[in-house]
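The values are calculated or read from the model by the stated rules, or taken from the named source; none is laboratory data. What you see is a predicted model, and the numbers here were worked out from it, not measured in a lab. All Cβ positions, even for glycine, are placed from backbone atoms using ideal geometry, and neighbour counts span all protein chains on display.
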Amino acid sequence: MAYEMTAAQAASRLGVKQATLYAYVSRGVLSRGRASDGRASLFDPREVEELARRGRPRRPAGVTDIIIESQITEIAGDRLRYRGRDVIDLATTRCFEDVAELLWAGALPPPGAPPAPWRGTDAALRVGRATQAALPPGTLPLERLQVIVPAVAATDPLRPELDPAAVIAAGRAIIAAMVHCLPAPSPASDEGPSPVAVGLWSRLCDRRPSPGLLRALSAALVLLADHELAASTLAVRAAASVRADPYAVVATGLGAISGALHGGSSLGAETLLAAARGPADVPRVVAELRRRGEKIPGFGHLVYSSGDPRAVALLGLIRRAAPKSTQLAITDALLAEVRQKSLPEPNIDIALATLVRVAGMARGAGEVIFAIARTAGWIAHALEAYTAAPIRPRAIYTGPGAIDS
């Protein structure tokens, strides 16, 4: 294809706004190239002309388009990139802290030197730990994060400062507090500042990590750090667009990510894997689920048509780290059962649940890994939204007395 037409020219030819033009791209109606600067969008004149002759495509049932220009994450086909860099490559070559800095500042730190551990203030750690310690036994880890972040916010008198350097510093402090305010399974594992993956492992699992499984956890954090305009990220951008502080932004994201169709899906996948006593028990578990009319958690995705590349990458790391794990065998039996029935491909939630089960982590650990990872993306989107106009979608009233137009 010859990408020669600018976005403005393409939108003018089609008689639509540029936001609608980008909606066509996101739905696969139009393809898009890049100008030599790597930023401006270009379109194929022949493809635009063909679409103009066919007329405007109908929006798929149940799909609502909200288009926001962003320089952070691109999903093209079944590939995912952070600021132009392949996410699968980043997950296997860089730590979470490096990738967070890429999302926030637009460049990776020089390779080789280990990042300085991120730290929360003594006051933040003291208040955050005391607040979550007051919760009833059995409280899930994600629910603990939902009280830790607002509590920690109260200790930061400069939280309304929205200068980029201040927001990035707040992002590091928030993530550090989220990790180090969670209760440790044993006093021996309650160490001081450490890399995010190491600190998080110590709070989700009472076993010492194997190098391979720790690498898998680090990769999971990178793979989940951002995913374009997922529901929680859209909520975060709306909050940041009206200048909510970084703590409030993250608290907003934590509320949205807990939904059963978002980050909460990993808990459903954990429960599914836990229901099987061994690989031979998988057909029974799947049959009972389907008999109740329920979907199989951890399979299918709204964005990827031929499978979630993040799931493939994470499952590969788990297989290399623990090839003889019974829990991994259960997942493989589940994948085979689903494939035999021609059901949707696995997504990141089943891979994350497999990591939790293979590593012997606490119930609900997948939700926390997801939330802490995605906080890096939320901060990146907040940085963009702080310099943009407020997000104010309009509703189409369909209630009593609606006026036909």
Q. Based on what the data block shows, is GLY259 assigned to a loop (DSSP other than H, G, I, E, B) and within 20 Å of PRO150 (Cβ to Cβ)?
A. yes
Q.
When you scan the stretch 150-168, do you find a residue that is under 27 Å from LEU317 (Cα atoms) and not aliphatic (A, V, I, L, M), even just one?
A. no
Q. Does VAL312 count as surrounded by fewer than 19 Cβ atoms within 10 Å (Cβ to Cβ) and within 27 Å of ALA100 (Cβ to Cβ)?
A. yes
Q. Considering the stretch 306-317 alone, what residues qualify as being closer than 15 Å to PRO346 by Cα and in a helix (DSSP H, G or I)?
A. PRO309, ARG310, ALA311, VAL312, ALA313, LEU314, LEU315, GLY316
(Q) Among the residues that make up the stretch 291-305, is at least one of them without any contact (Cβ under 8 Å) to a residue 24 or more places away in the chain, among the aliphatic types (A, V, I, L, M), part of a loop (DSSP other than H, G, I, E, B) and surrounded by fewer than 18 Cβ atoms within 10 Å (Cβ to Cβ)? (A) yes
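If you take the residues of the stretch 125-144 that are over 18 Å from ARG363 (Cα atoms) and of a type in the set (Gly, Ala, Ser), which of them is surrounded by the most Cβ atoms within 10 Å (Cβ to Cβ)?
Top of the filtered list is GLY128.
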Q: Scan the stretch 28-46 and report the pairs whose first residue is closer than 14 Å to GLU74 by Cβ and whose second residue is in a loop (DSSP other than H, G, I, E, B) and of a type in the set (D, E, K, R), with Cβ atoms within less than 7 Å and a gap of 6+ or a chain change.
A: SER31/ASP44; SER41/ARG32
(Q) Just the residues that are at negative phi and not in a helix (DSSP H, G or I), please, taken from the stretch 214-233. (A) LEU224, ALA225, ASP226, HIS227, LEU229, ALA230
(Q) Residue pairs, Cβ under 6 Å, 6 or more apart or interchain, first in the stretch 350-363 and over 13 Å from TRP201 (Cα atoms) and hydroxyl-bearing (Ser, Thr, Tyr), second modelled with pLDDT of 95 or more and buried (at least 24 other Cβ atoms within 10 Å of the Cβ). List them. (A) THR354/ILE318; THR354/THR331
(Q) For the structure I just gave you, tell me whether ARG339 is at pLDDT below 95, surrounded by fewer than 18 Cβ atoms within 10 Å (Cβ to Cβ) and over 25 Å from ASP78 (Cα atoms). (A) no
Q. Counting only residues that are crowded, with 18+ Cβ neighbours inside 10 Å and in contact with a helix residue (DSSP H, G or I) (Cβ under 7 Å, 6 or more places away or on another chain), how many does the stretch 95-124 have?
A. 10
Q: Return a yes/no flag: does the stretch 369-386 have any residue that is over 20 Å from the mean Cα position of the chain (by Cα) and not basic (Lys, Arg).
A: yes
Q | Positions within the stretch 192-239 being touching a Leu at 6+ places or on another chain (Cβ under 7 Å) and under 13 Å from ALA380 (Cα atoms), in sequence order | A | ALA225, ASP226
Q) Considering the stretch 7-44 alone, what residues qualify as being within 19 Å of PRO393 (Cα to Cα), of a type outside the set (Ser, Thr, Tyr) and surrounded by fewer than 18 Cβ atoms within 10 Å (Cβ to Cβ)? A) VAL16, LYS17, GLN18, ALA19
**Q.** Subset tally (residues that are over 19 Å from GLU270 (Cα atoms) and not in a helix (DSSP H, G or I)) for the stretch 325-342
**A.** 2
